[in-house]
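**Q** Quick one: the structure is below, questions incoming.
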């Protein structure tokens, strides 16, 4: 199956995600991590605390299907860099998505939910991603697959909260006081979380 097409059936694919136990609450932070930086780490630490997660997975993707991959470092190099930056016993770095016949987040999350039905997953992302989320493949499906935690980014709060995705699922947004229960919510369910803002970005770091 071509990696440029959304997958419809994963069959008996063998992948090696991090170790996992039934009943755990796992946050998934996906991205190219090109390069990883302390902003990724700080978001993950805030997610562990605010959402009372057991672990956070950094899902290093083979490539972004809606962006140019020119200048994208080798997958193994990005994984090694992510391990060095994460430096935390409850943050796992994985690139298992490379074993799936798809580049699309919606398919990856569906795969995880099907393989690990006794685990409570939360998709983690920055407000900049929510602002353009309606451009993602099957973005509505992502909202219906697992709860989503959106973390503020400098200059993106209003863009994110007024975005087509936020407006479409406005009735599914939960309050701050329910943050610790987000992982147990039936999707669609999402929350916007304010954190100490970091101006670090992979793009700026690549551009020096």
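The values are calculated or read from the model by the stated rules, or taken from the named source; none is laboratory data. Since this is a predicted model, take the numbers as computed values, not measurements. Here Cβ is always computed from backbone atoms with ideal geometry, including for glycine, and neighbour counts include all displayed protein chains.
**Q** Within segment 130-145, how many residues are under 22 Å from residue 63 (Cβ atoms) and crowded, with 21+ Cβ neighbours inside 10 Å?
**A** Count: 5.
**Q** Right, something else. If residue 83 satisfies every condition in (1) within 14 Å of residue 33 (Cα to Cα); (2) crowded, with 20+ Cβ neighbours inside 10 Å but one, which is the exception?
**A** (2)
**Q** If we scan segment 105-114, do we find a residue that is at pLDDT below 95, surrounded by fewer than 20 Cβ atoms within 10 Å (Cβ to Cβ) and farther than 30 Å from residue 167 by Cβ?
**A** no
**Q** So, in segment 11-56, of the ones that are touching a helix residue (DSSP H, G or I) at 6+ places or on another chain (Cβ under 9 Å), farther than 21 Å from residue 153 by Cα and modelled with pLDDT under 95, which residue ends up surrounded by the fewest Cβ atoms within 10 Å (Cβ to Cβ)?
**A** 14
**Q** Starting from residues that are assigned to a helix (DSSP H, G or I) and touching a strand residue (DSSP E or B) at 6+ places or on another chain (Cβ under 9 Å), keep the ones in segment 43-54 and report whichever is nearest to residue 24 (Cα to Cα).
**A** Once the filter is applied, the top-ranked residue is 48.
**Q** Go through segment 174-200 and give me each residue that's within 18 Å of residue 119 (Cα to Cα), crowded, with 16+ Cβ neighbours inside 10 Å and at pLDDT 95 or above. It would help to see each step written out before you state the result.
**A** Looking only at segment 174-200, we keep the residues that are within 18 Å of residue 119 (Cα to Cα), and these are 179-190.
This time we only want the ones that are crowded, with 16+ Cβ neighbours inside 10 Å, so: 179, 182-183, 185, 187-190.
Of everything in segment 174-200, those that are within 18 Å of residue 119 (Cα to Cα), crowded, with 16+ Cβ neighbours inside 10 Å and at pLDDT 95 or above turn out to be 182, 183, 185, 187, 188, 189, 190.
**Q** Would you mind stating whether residue 167 is more than 23 Å from residue 39 (Cα to Cα), without any contact (Cβ under 8 Å) to a residue 24 or more places away in the chain and surrounded by fewer than 17 Cβ atoms within 10 Å (Cβ to Cβ)? If you could, list the steps in order and put the result at the bottom.
**A** On the way: more than 23 Å from residue 39 (Cα to Cα): yes; without any contact (Cβ under 8 Å) to a residue 24 or more places away in the chain: yes; surrounded by fewer than 17 Cβ atoms within 10 Å (Cβ to Cβ): yes.
Yes; evaluated as a whole, the condition is true for this residue.
**Q** Follow-up. What helices (runs of 4 or more DSSP H), lying completely within segment 98-175, carry at least 1 residues that are over 17 Å from the mean Cα position of the chain (by Cα) and farther than 19 Å from residue 48 by Cα? Quick ask: steps written out before the conclusion?
**A** On the way: elements: 105-115, 127-131, 139-145, 157-161, 164-168.
So the answer is 105-115, 157-161, 164-168.
**Q** When you scan segment 170-182, how many residues do you find that are touching a strand residue (DSSP E or B) at 6+ places or on another chain (Cβ under 7 Å) and touching a residue at least 24 places away in the same chain (Cβ under 8 Å)?
**A** Residues that pass the stated criteria total 3.
**Q** Any idea which of 34, 76, 42 is under 20 Å from residue 136 (Cα atoms) and more than 13 Å from the chain's Cα centre (by Cα)?
**A** On the way: 76 fails: under 20 Å from residue 136 (Cα atoms); 42 fails: under 20 Å from residue 136 (Cα atoms).
Being under 20 Å from residue 136 (Cα atoms) and more than 13 Å from the chain's Cα centre (by Cα) holds for just one of 34, 76, 42, which is 34.
**Q** Can you tell me which of (1) modelled with pLDDT of 95 or more; (2) buried (at least 17 other Cβ atoms within 10 Å of the Cβ) is the one residue 158 doesn't meet?
**A** (2)
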